[in-house]
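Visitor: Pasting a structure here, questions to come.
The values are calculated or read from the model by the stated rules, or taken from the named source; none is laboratory data. Not measured: the values here are computed from a predicted model. Please note: Cβ atoms are built from the backbone with ideal geometry, for glycine as well, and neighbour counts cover all protein chains shown.
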Amino acid sequence: MELKEYFLILKKNLNLFLLIIAAVIVIAFGYFYLRPVSYDTSLTLNISRIGTQETADYRYDDFYRIQADDKFAETVTQWIKSPRIVADIYTDAGINTGSFSLRQLSKSLSPEKLSSQIVSVSFSSPDQKTAKKVSKAVIKIVSDNTNSLNKDQNNKTWFKIVPSEPVTKKYHIGSTVLFLASLLLGIFLGFWIIMLRHYLKD
């Protein structure tokens, strides 16, 4: 089929094509503006040391410290992905996790290792008060687990968590971005629905 034939089919079904586009735009705006309000939070955990190792050459301590910090940042990231740790965080924040599946627990917090000494944690909450409680709980539970590891160490060079102030913003999609995205989706769906309708008709 040539390109000209596609245009002729669309022209013949122009009203349906425009109706599908309009329906997609209305549904998209309705969904995003009627959905419950949510707040996105970003929390930064800085990995530091309780002390430094005395060595003949300070450069050795710096080298191994960077390696150890990097590994511990990975450990913290995996902690926050663990359903057990997430359940402890939510319980500490006063949130009932009884209806959560293991998958929901593991996906509700999104940790990311930004560098060898920085781990970022992002999550969504229904309100700012809950966001603040969860942030405090993340800091507390991760710090508690870190302190538990420290107890088994014979030297004073183990880790500590130094959190930054969390940033919470209301989740929002710009009207222009939403319109353009829904318009493109509407054109895509409209085109293929009309093509399918045309071939089934034949």
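Visitor: Report the residue count in the stretch 70-87 for those that are farther than 23 Å from Arg49 by Cα and over 19 Å from the mean Cα position of the chain (by Cα).
Guide: 0
Visitor: Still on this structure, please answer the following. Can you pull out every residue in the stretch 1-17 that is among the hydrophobic types (A, V, I, L, M, F, W, C) and part of a helix (DSSP H, G or I)? Full working, then the answer.
Guide: Here is the first cut: in the stretch 1-17, the residues among the hydrophobic types (A, V, I, L, M, F, W, C) are 1, 3, 7-10, 14, 16-17.
Across the stretch 1-17, the qualifying residues are Leu3, Phe7, Leu8, Ile9, Leu10, Leu14, Leu16, Phe17.
Visitor: Another question, then. Any idea which of (1) at pLDDT 90 or above; (2) surrounded by fewer than 12 Cβ atoms within 10 Å (Cβ to Cβ); (3) not acidic (Asp, Glu) is the one Ile25 doesn't satisfy?
Guide: Checking Ile25 against (1) at pLDDT 90 or above; (2) surrounded by fewer than 12 Cβ atoms within 10 Å (Cβ to Cβ); (3) not acidic (Asp, Glu), the one that fails is (2).
Visitor: I've got another one for you. If you take the residues of the stretch 130-148 that are in contact (Cβ under 8 Å) with a residue 60 or more places away in the chain and closer than 11 Å to Leu43 by Cα, which of them is surrounded by the fewest Cβ atoms within 10 Å (Cβ to Cβ)?
Guide: Ile139
Visitor: For the stretch 102-117, which positions are among the polar types (S, T, N, Q) and either under 10 Å from Ser82 (Cα atoms) or part of a helix (DSSP H, G or I) (or both)? Full working, then the answer.
Guide: Quick first cut of the stretch 102-117, residues among the polar types (S, T, N, Q) only: 104, 106, 108, 110, 115-117.
Result: Gln104, Ser106, Ser108.
Visitor: Going through Val121, Val134, Val138 one at a time, which residue ends up being in a strand (DSSP E or B) and within 16 Å of the chain's Cα centre (by Cα)? Even if it seems obvious, please write down each step before you answer.
Guide: On the way: Val134 fails: in a strand (DSSP E or B); Val138 fails: in a strand (DSSP E or B).
The conditions single out Val121.
Visitor: Still on this structure: Within the stretch 157-174, track down each residue that is aliphatic (A, V, I, L, M) and surrounded by 17 or more Cβ atoms within 10 Å (Cβ to Cβ). Lay out the reasoning, then the answer.
Guide: Step one: list which residues in the stretch 157-174 are aliphatic (A, V, I, L, M), which gives 161-162, 167, 173.
Of everything in the stretch 157-174, just one residue is aliphatic (A, V, I, L, M) and surrounded by 17 or more Cβ atoms within 10 Å (Cβ to Cβ), namely Ile161.
Condition check ((1) under 15 Å from Val134 (Cβ atoms); (2) β-branched (Val, Ile, Thr); (3) touching an Asp or Glu at 6+ places or on another chain (Cβ under 6 Å)) across all residues:
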residue	(1), (2), (3)
Asp69	no, no, no
Ala73	no, no, no
Val76	no, yes, no
Ser82	no, no, no
Asp88	yes, no, no
Gly98	no, no, no
Leu102	no, no, no
Ser108	yes, no, no
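Visitor: Hey, could you check the stretch 68-109 for residues that are more than 19 Å from Lys140 (Cβ to Cβ) and not charged (D, E, K, R) and say which is modelled with the lowest pLDDT?
Guide: Narrowing the stretch 68-109 to residues more than 19 Å from Lys140 (Cβ to Cβ): 68-71, 74, 98-104, 106-107.
Next cut, not charged (D, E, K, R) only: 68, 98-102, 104, 106.
On the way: Ala68: 78, Gly98: 88, Ser99: 89, Phe100: 91, Ser101: 92, Leu102: 92, Gln104: 91, Ser106: 91.
Selected residue: Ala68.
Visitor: Looking only at the stretch 151-172, decide whether some residue is part of a helix (DSSP H, G or I) and either over 19 Å from the mean Cα position of the chain (by Cα) or of a type outside the set (A, V, I, L, M) (or both). Explain how you work it out, then say what you get.
Guide: Filtering the stretch 151-172 for residues part of a helix (DSSP H, G or I) gives none.
Scanning the stretch 151-172, I find no residue that is part of a helix (DSSP H, G or I) and either over 19 Å from the mean Cα position of the chain (by Cα) or of a type outside the set (A, V, I, L, M) (or both), so the answer is no.
Visitor: So which of Arg59, Arg35, Arg49 ends up being modelled with pLDDT under 90 and surrounded by 10 or more Cβ atoms within 10 Å (Cβ to Cβ)? Talk me through it step by step, then tell me what you get.
Guide: Working: Arg59 fails: surrounded by 10 or more Cβ atoms within 10 Å (Cβ to Cβ); Arg35 fails: surrounded by 10 or more Cβ atoms within 10 Å (Cβ to Cβ).
Arg49 is the lone residue from the list that is modelled with pLDDT under 90 and surrounded by 10 or more Cβ atoms within 10 Å (Cβ to Cβ).
Visitor: If Asp40 satisfies every condition in (1) at pLDDT below 85; (2) part of a strand (DSSP E or B) but one, which is the exception?
Guide: (1)
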